[in-house]
Amino acid sequence: MSRKPQKPVQTRDRLFATEQEAGEFRFDAAVARVFPDMIRRSVPGYTTIIPMIEVITDQYAQAGSHCYDLGCSLGASTLAMRHGIGDRDCLLTGVDNSPDMIERAEHFIALDDHPLPVSLRCEDILDTQLQQASVTTLNFTLQFVAPEHRNALLTRIGDATLHGGALILSEKIRFESAAEQDIQTRLHHEFKRANGYSDLEISQKRSALERVLLPETIAAHQQRLQDSGFSRVMVWYQCFNFVSILAVK
Ligand code: GEK
């Protein structure tokens with residue numbers, strides 16, 4: 001019996017490679033399909049931050065508590081948390097409001113052989129009930145939440161966090177100084193170019209994200225985290241205009 005040769009699944013991010021009409025960036029099926037390649041080639045430090053989420057989770061996960069990955073996409077950060085939790089009896093929940101992401105995340109979680117159950121929820125993180133949290137991760141998610149909702153979300157996370165619990169907040173940032181903003185943005189674009197993105201891809205993606213991804217300064221994040229009840233706020237990672245902050249209650 002002869003079979004039609006199967007078309008290979010395209011997992012290389014070429015979404016902005018050809019000229020297209022301006023439109024806002026969305027976490028749809030096309031993005032979900034190429035997401036691992038897209039985020040690795042676009043976010044400096046992503047491939048370092050993911051394994052460090054495991055290390056940090058191992059330090060802060062408390063037996064009998066909840067752990068949340070808010071904006072989990074395909075579950076890379078969720079899996080890092082799962083392995084960091086190890087054999088502690090934590091309740092791990094991943095949340096994303098993109099059905100295309102959650103559908104694929106279910107598959108990746110099932111492929112991982114760790115025994116800790118993961119509950120995946122397709123909902124807006126602004127609606128997620130949070131309680132008794134020892135580790136919460138916002139790995140490049142808050143930047144997509146409308147600025148007017150950020151304080152309330154962080155207040156809820158702070159209130160739900162147990163004493164000694166932690167929040168890992170990774171974000172693209174902006175700088176007070178226009179000169180530094182220019183230099184760091186240029187370096188980020190060079191990073192993308194070195195990873196094979198063309199000038200057209202870089203500029204079209206930038207336009208698509210302009211009104212969707214709204215970065216803040218490190219100082220603004222630090223202030224909000226302190227106002228939300230986190231007593232220790234530390235930048236543990238920075239590469240160009242991308243940071244990860246550890247906030248401990
Ligand atoms: C990783 N953490 O691989 N409610 C729920 N999900 C949301 C919301 C919201 N209000 N806004 C955005 N998202 C992941 C990467 S990606 C980062 C996170 C990026 C979701 C959105 O659907 C997307 O899946 C994710 O947040 C952001 O470590 O693409 O730069």
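The values are calculated or read from the model by the stated rules, or taken from the named source; none is laboratory data. Just so you know, these numbers come straight off a predicted model, no measurement behind them. A quick note on method: Cβ atoms are made from the backbone with ideal geometry, for glycine too, and the neighbour counts reach across all protein chains shown. Side chains are part of the model used for accessible areas, which takes the heavy atoms of the whole protein and leaves out ligands, DNA and RNA. Shrake-Rupley method; radii C 1.70, N 1.55, O 1.52, S 1.80 Å.
Structure notes:
- Candidates G196, G164, G229, G158, filtered to the one that is of a type outside the set (S, T, N, Q), in contact (Cβ under 8 Å) with a residue 24 or more places away in the chain and buried (at least 20 other Cβ atoms within 10 Å of the Cβ): G158
- Residue within region 87-96 that is near the ligand (Cβ under 9 Å from one of its atoms), touching a strand residue (DSSP E or B) at 6+ places or on another chain (Cβ under 6 Å) and outside any loop (DSSP other than H, G, I, E, B) present: yes
- Within region 104-130, the residues that satisfy the criterion of being within 13 Å of the ligand (Cβ to nearest atom), without any contact (Cβ under 8 Å) to a residue 60 or more places away in the chain and not β-branched (V, I, T) are A105, F108, L120, R121, C122, E123, D124, L126, D127.
- Scanning region 228-249 for residues that are closer than 14 Å to T48 by Cβ and in a loop (DSSP other than H, G, I, E, B) returns a single hit, F240.
- Helices (runs of 4 or more DSSP H) wholly inside region 102-216 containing at least 2 residues that are farther than 30 Å from A63 by Cβ and at pLDDT 95 or above: 147-160, 178-194
- Qualifying residue in region 167-186 (condition: within 16 Å of Y46 (Cβ to Cβ), in contact with a helix residue (DSSP H, G or I) (Cβ under 7 Å, 6 or more places away or on another chain) and surrounded by fewer than 18 Cβ atoms within 10 Å (Cβ to Cβ)): no
- Among all positions in region 60-76, there is at least one residue which is closer than 12 Å to T136 by Cβ, assigned to a loop (DSSP other than H, G, I, E, B), within 8 Å of the ligand (Cβ to nearest atom) and open to solvent by less than 20 Å² (accessible area, probe 1.4 Å).
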